[in-house]
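Peer 1: This structure is in structure tokens; I'll ask about it shortly.
The values are calculated or read from the model by the stated rules, or taken from the named source; none is laboratory data. Just so you know, these numbers come straight off a predicted model, no measurement behind them. For neighbour counting, all protein chains shown are included, and Cβ atoms are generated from backbone atoms with ideal geometry for every residue, glycine included.
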Amino acid sequence: MKKQIFLIWLNRMVTGILVVLLVSVAGIVISTKLTNGQPELFGYQLKTVLSGSMEPGITTGSIIAVKTVDKEERVNFKKGDVITFKEDNRLVTHRISEVKKTSSSVLYVTKGDNNDAVDSSPVLAENVQAEYRGFTIPQLGYFINFSQSPNGSILFMILPGILILAYSLFTIWRTLRQLEDKYKNNTLPR
């Protein structure tokens, strides 16, 4: 009797985990597609760090959460703030080492913490996309990048679906066998 109760709970737990995994991954994929690869939650975007320019504080392969900024906030950063900006159609996260204000614009001189020199060109305030406020998860970026690749999509979208289907078929088959055994033993009412 205890074995049956344990198997029932194990069955429910495995089913629940597979469903949560499938729904979570599907939600991430859909959210990424709807926002052109820039999912946002409570005003924060998750970004994968692809270089070691901000080490040791932000390591390569980490996921960082950056707070998106509006037009008014883009001109209010100060020396020491870490910003994410657009440069040559890619996003870069570096620390502001100097703020230059002119009558018509604000420019930020930036530098990666691990770099020897400042970046070659100052950043226009209009190119600032977000501010990094210290939240990072080391190494998770490698996993996220893999999950967004074709092989990762197969592994994290199709495989859980196949596992749920196979597990459901196995459960149905096992239930039918149990009913058949009970019928053969005349334990079912006719």
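Peer 1: If I go through segment 84-134 residue by residue, how many of them are acidic (Asp, Glu) and either within 16 Å of Ile58 (Cβ to Cβ) or in a loop (DSSP other than H, G, I, E, B) (or both)?
Peer 2: Filtering segment 84-134 for residues acidic (Asp, Glu) gives 87-88, 98, 113, 116, 119, 126, 131.
From what is left, the residues that are either within 16 Å of Ile58 (Cβ to Cβ) or in a loop (DSSP other than H, G, I, E, B) (or both) are 88, 113, 116, 119, 131.
Number satisfying all stated conditions: 5.
Peer 1: Still on this structure: Go through Ile172, Ile164 for me and flag whichever is touching a helix residue (DSSP H, G or I) at 6+ places or on another chain (Cβ under 7 Å) and of a type outside the set (Lys, Arg). Can you show your working first?
Peer 2: Values: Ile172 fails: touching a helix residue (DSSP H, G or I) at 6+ places or on another chain (Cβ under 7 Å).
None of the other options fit; the residue is Ile164.
Peer 1: Among the numbered criteria (1) under 19 Å from Val49 (Cα atoms); (2) surrounded by fewer than 15 Cβ atoms within 10 Å (Cβ to Cβ), which single criterion is violated by Ile96?
Peer 2: Only one criterion in (1) under 19 Å from Val49 (Cα atoms); (2) surrounded by fewer than 15 Cβ atoms within 10 Å (Cβ to Cβ) is unmet by Ile96, namely (2).
Peer 1: In this structure, does Lys71 turn out to be assigned to a loop (DSSP other than H, G, I, E, B) and modelled with pLDDT of 85 or more?
Peer 2: Judged against the criteria, Lys71 is not a match.
Peer 1: Among the residues of segment 144-154, which ones are touching a residue at least 24 places away in the same chain (Cβ under 8 Å) and part of a helix (DSSP H, G or I)? Explain how you work it out, then say what you get.
Peer 2: Going residue by residue through segment 144-154, those that are touching a residue at least 24 places away in the same chain (Cβ under 8 Å) are 144-145, 147-148, 153.
Hits for segment 144-154 are Ile144, Asn145, Ser147, Ser153.
Peer 1: Have a look at Gly141, Gly161 and point out the one that is surrounded by 16 or more Cβ atoms within 10 Å (Cβ to Cβ) and in a helix (DSSP H, G or I).
Peer 2: On the way: Gly161 fails: surrounded by 16 or more Cβ atoms within 10 Å (Cβ to Cβ).
After ruling out the rest, the residue left standing is Gly141.
Peer 1: Right, something else. Please specify each residue of segment 48-93 satisfying the condition of being of a type in the set (A, V, I, L, M, F, W, C) and either exposed (fewer than 15 other Cβ atoms within 10 Å of the Cβ) or touching a residue at least 60 places away in the same chain (Cβ under 8 Å) (or both).
Peer 2: Listed by number, the residues that qualify are Val49, Leu50, Met54, Ile58, Ile63, Ile64, Ala65, Val66, Val69.
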